[in-house]
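Comments concern the structure below.
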Amino acid sequence: MWAVGGVLSYSLGMLGLGSGRVVDSSATSRLISSMSAAATEGMEFVAAFESEYGGLRTRPNFVAEGFMGALLRSRHAYKLLFVYLHSPEHPDTAVFSERTLCNEALAPFVNENFIVWG
C-alpha cells in the first residue's frame, strides 16, 4: 500500500497537484474519477471524429485520453501539444475539418511534430 501511495503522490506532484503532504483518500478518489471522466470524453471525441472523417486519406492522430494525459504525453515526448476545439454546431466545422485539419500537407506535419488532442 505504501508503494502505491508513493507512486500516486509522485504522479500528482508531476501534475502540479501534490502539496508534499498526505492526501486524503476521498480527494484522491475524486481526482481519479475526474481523470477517468476526462479520459472517457477524450475517447468519445476520437471515436466521433473517426466516425465522421475516418474515410479521409490523412487526418490528425488524436490521442484518446484526457487533457492532462495528453499534456503529460507531450511532455515526455518533448513535443508541443496541438489542441483542437471541435464544435459540431458551427456551420464551418465540416469544411474546416475536411479541407484544413485533414489536409494532405497539414495532417502529416501535425502528426510528426505534435501530440494531438481534441
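The values are calculated or read from the model by the stated rules, or taken from the named source; none is laboratory data. If you're wondering where the values come from, they're calculated on a predicted model, not measured in any experiment. Here Cβ is always computed from backbone atoms with ideal geometry, including for glycine, and neighbour counts include all displayed protein chains. For the accessible areas, the whole protein counts, side chains as well, though only heavy atoms, and no ligand, DNA or RNA atoms are used. Shrake-Rupley method; radii C 1.70, N 1.55, O 1.52, S 1.80 Å.
Looking at His90, His76, which is the one that is exposed (fewer than 15 other Cβ atoms within 10 Å of the Cβ), more than 21 Å from the chain's Cα centre (by Cα) and at pLDDT 90 or above?
Working: His76 fails: more than 21 Å from the chain's Cα centre (by Cα).
The conditions single out His90.
Go through region 52-73 residue by residue and tally those that are among the basic types (Lys, Arg) and surrounded by 15 or more Cβ atoms within 10 Å (Cβ to Cβ).
Going residue by residue through region 52-73, those that are among the basic types (Lys, Arg) are 57, 59, 73.
Still in the running and surrounded by 15 or more Cβ atoms within 10 Å (Cβ to Cβ): 59, 73.
Adding up the residues that qualify gives 2.
Write out, first by first residue and then by second, each pair whose Cβ atoms fall under 7 Å of each other, whose residues are 6+ apart or on separate chains, and whose first residue, in region 70-98, is without any contact (Cβ under 8 Å) to a residue 24 or more places away in the chain while the second is part of a helix (DSSP H, G or I) and open to solvent by less than 100 Å² (accessible area, probe 1.4 Å).
Ser87/Thr93
Which one of these does Phe114 not meet: (1) at pLDDT 95 or above; (2) among the aromatic types (Phe, Trp, Tyr); (3) open to solvent by 70 Å² or more (accessible area, probe 1.4 Å)?
(3)
Conditions tested, residue by residue: (1) under 19 Å from Trp117 (Cβ atoms); (2) at pLDDT below 85; (3) of a type in the set (Phe, Trp, Tyr).
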site	(1), (2), (3)
Val4	no, yes, no
Leu8	no, yes, no
Leu15	yes, yes, no
Asp24	no, yes, no
Thr58	yes, no, no
Tyr84	yes, no, yes
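Kindly establish whether Ala64 is in a helix (DSSP H, G or I) and under 11 Å from the mean Cα position of the chain (by Cα).
no
Just the residues that are of a type outside the set (S, T, N, Q), part of a loop (DSSP other than H, G, I, E, B) and within 21 Å of Gly42 (Cβ to Cβ), please, taken from region 79-115.
Lys79, Tyr84, Leu85, His86, Pro88, Glu89, His90, Cys102
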